[in-house]
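Each value in this text was obtained by applying a stated rule to the coordinates, not by laboratory testing. Everything numeric here is computed off the predicted structure, so don't read it as measured data. Reconstructed Cβ throughout: ideal geometry from the backbone, glycine too, with neighbour counts over all protein chains shown.
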Amino acid sequence: MRHGTLGTALRYGLLSLMALLVLLPFVGIVLAALHPSGSQVAGVGLPEQWSWENFRLAWEAGGFDDLMRSSLIISGAVVPLTVLFATMAGFALSILQVWGGRYLSLGFVLGLTVPVELLVIALYYNLREVGLTDAYLGVVLAEVALFLPFGVYWMQSHFSGVPRELVEAARMDGARNRTVLWRVLMPISWPAVTTLTVLVFMWSWNQFLLVLVMMQDPSMRTAPTGLGLFVGQYGTDIPLLAAASLIVIAPIVVVYLVFQRSFVNGITRGAVKG
């Protein structure tokens with residue numbers, strides 16, 4: 001009994017230590033952002049004078065009106081398109097078992113190994129020929145193609161774990177493939193779909209290099225790319241830089257907190273199946 005209690009205490013202690021190591025940098029950024037603009041910040045220290053003005057100054061200096069709008073437009077298009085295509089492709093590969101599905105699955109897995117740095121220059125010249133540079137559509141299509149391999153792999157793995165009896169019962173009742181997917185499988189697939197949605201949103205929101213190359217117009221760039229330019233201008237003003245960083249990461253934190261339960265549930269199920 002003592003060994004069990006000791007093991008539980010050690011596990012909780014280790015998890016608490018890991019959580020502290022993860023949260024400590026974030027706490028440091030928050031405290032740095034609350035120092036007066038232009039002041040020196042030494043480690044994780046409380047400011048002598050709390051200043052909330054940095055967030056307004058960073059928003060205005062960085063032009064985050066345009067940057068946040070561009071990020072929302074791009075992410076708002078990339079996320080539903082990627083999740084929709086990945087869900088349909090995963091259903092086709094795992095449930096319908098389309099002809100050549102094994103090779104198609106291998107192609108998507110190989111797509112996970114291709115870094116965006118290897119493609120971005122060639123992609124820029126190709127899209128420039130069809131007038132899709134400095135355009136939201138070009139970035140949206142590029143990001144959907146970039147995130148789709150993982151999305152297909154994720155949804156295919158999820159549908160592969162669905163009991164075949166459930167699909168066969170639906171087909172015996174006369175359900176077609178569309179009905180099987182949207183009315184039978186999707187109601188039990190929301191944890192996997194939610195997890196994929198949060199991951200794709202995070203990747204799309206944080207995408208830096210692709211947007212930097214494809215968008216030459218500063219007003220059409222996203223918040224992370226704008227933050228990169230902000231660092232070059234205000235790199236010595238740590239409180240202002242910290243406030244700008246918090247503005248950029250705030251949407252990701254909000255989305256995660258909203259979908260936290262489904263996200264963790266989806267990750268856990270994927271880990272158990274693996």
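Using the alpha-carbon positions of the stretch 63-273, Rg (one decimal) and Dmax (whole number) come out as 19.5, 68 Å. Relative to the current alpha-carbon distance between Q260 and L20, full extension at 0.36 nm per residue lengthens the span by 84.5 nm. Residue separation of S157 and A250 scaled by 0.36 nm, minus their Cα-Cα distance, works out to 30.4 nm of gained length.
Dipole size of the chain about its Cα centre, with +1 on Lys/Arg Cβ and -1 on Asp/Glu Cβ: approximately 1280 debye, rounded to the nearest 20.
Let's test the formula: R0 of 30 Å, r as the Cβ-Cβ distance of R164 and L110. What FRET efficiency results, to the nearest 0.05?
0.60
Other residues with beta-carbon under 15 Å from the beta-carbon of S70 carry, at +1 per Lys or Arg and -1 per Asp or Glu, a net charge of -3. Evaluated over the Cα positions of the stretch 1-131, the convex hull gives a direction-averaged projected area, one quarter of its surface, of 17.1 nm². For the stretch 114-205, the C-alpha radius of gyration divided by 2.2 N^0.38 Å, with N the number of residues, is 1.46.
Give the separation of the Cα centroids, the stretch 70-111 to the stretch 155-207, in Å. A separation of 12 Å, based on Cα centres.
If you filter the stretch 38-128 for chymotrypsin sites (Phe, Trp or Tyr not before Pro), then keep DSSP loop positions with at most 13 other Cβ within 10 Å, what is left? Could the numbers behind the result be given before it?
Numbers: sites: W50, W52, F55, W59, F64, F85, F91, W99, Y103, F108, Y124, Y125; in loops: W50, W52, W99.
Here the sparse-neighbourhood loop sites are W50, W52, W99.
Give the calculated FRET efficiency between V98 and S39 to the nearest 0.05, with a Förster radius of 41 Å applied to their Cβ-Cβ distance.
After rounding, the FRET efficiency stands at 0.10.
Here the alpha carbons of the stretch 202-261 define both size measures, Rg and Dmax, at 12.9, 39 Å.
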